[in-house]
1. Quick check on my filter: what residues within segment 41-57 are of a type in the set (D, E, K, R), more than 28 Å from the chain's Cα centre (by Cα) and over 20 Å from Arg23 (Cβ atoms)?
2. Just to be sure before I move on: is Val38 crowded, with 17+ Cβ neighbours inside 10 Å, more than 21 Å from the chain's Cα centre (by Cα) and in the same structural domain as Glu79 (by TED's automatic domain parsing) in the structure I sent?
3. Tell me which residues, restricted to segment 108-148, are touching a residue at least 24 places away in the same chain (Cβ under 8 Å) and surrounded by fewer than 15 Cβ atoms within 10 Å (Cβ to Cβ).
4. Do you know which residues across segment 76-93 are over 15 Å from Arg15 (Cβ atoms), assigned to a helix (DSSP H, G or I) and among the acidic types (Asp, Glu)?
5. Taking Ala22, is it in contact with a helix residue (DSSP H, G or I) (Cβ under 6 Å, 6 or more places away or on another chain), surrounded by fewer than 20 Cβ atoms within 10 Å (Cβ to Cβ) and more than 15 Å from Glu89 (Cα to Cα)?
6. Are any residues in segment 28-47 among the hydroxyl-bearing types (Ser, Thr, Tyr) and more than 14 Å from Ala71 (Cβ to Cβ), and if so, which ones?
7. Is at least one residue of segment 54-69 in contact with a helix residue (DSSP H, G or I) (Cβ under 6 Å, 6 or more places away or on another chain) and touching a residue at least 60 places away in the same chain (Cβ under 8 Å)?
8. Would you check which residues across segment 84-118 are among the aromatic types (Phe, Trp, Tyr) and farther than 30 Å from Val144 by Cα and list them?
Amino acid sequence: MSQRAPKVALTARQRSIIERLARSRTEEQRLVERAQIVLRSASEELCVEQAQALGIDAQRVRRWRKRFAAAQDVLSHVEAESKDEADLEAKIRAVLSDEYRCGTPPTFTPEQVCTIVALACHEPSELDLPISHWTPDDLARQAVALGIVKSISGRHLDRFLKRSRPSTSSQSLLAQSRR
């Protein structure tokens with residue numbers, strides 16, 4: 001037996017904000033799509049019909065319809081408390097944004113990353129290695145050999161190094177400060 005989709009009722013202020021978001025060409029596409037789902041849900045269009053019209057799966061329509069319906073009391077409270085349109089829009093954006101997802105814990109500690117970056121700052125000849133410069137694979141092998149990490153790929157290590165490099169703007173600021 002299927003469940004009935006929750007009802008979505010919009011006030012005039014909510015509708016104007018959501019319509020503006022749904023028509024926007026500069027907002028993130030996922031926000032525009034979610035605003036379109038809410039508008040179609042308020043007009044009592046079936047989830048399956050919405051999904052077909054928007055070219056998405058019905059589960060996504062159900063998810064955002066349910067999430068918005070659950071937040072209607074909060075939105076009504078914000079609307080009653082504040083006459084400022086920006087407050088209501090911020091709350092609507094919050095309702096239509098992704099929920100926090102923790103993801104997997106980091107594989108390497110910040111200390112390990114710092115130690116690897118520090119190792120990259122040394123010349124390979126200081127460690128009696130027969131190479132003139134570090135490659136990501138050589139550096140990864142050396143990090144494992146020194147016991148900094150149990151294992152790491154050269155590609156993963158290369159990402160650490162790219163993140164630790166100063167950006168072009170900070171390099172130009174540094175050059176300007178030396179003048």
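1. Glu44, Glu49
2. yes
3. Result: Leu146, single match.
4. Across segment 76-93, the qualifying residues are Glu81, Asp87.
5. No: the conditions fail for Ala22.
6. Matches in segment 28-47: Ser43 only.
7. The answer is yes; a qualifying residue exists.
8. Tyr100, the sole residue that qualifies.
The values are calculated or read from the model by the stated rules, or taken from the named source; none is laboratory data. In this text the structure is predicted, and so the values were computed from the model without any measurement. Neighbour counts are summed over all protein chains in view; Cβ atoms, including those assigned to glycine, are modelled from backbone coordinates with ideal geometry.
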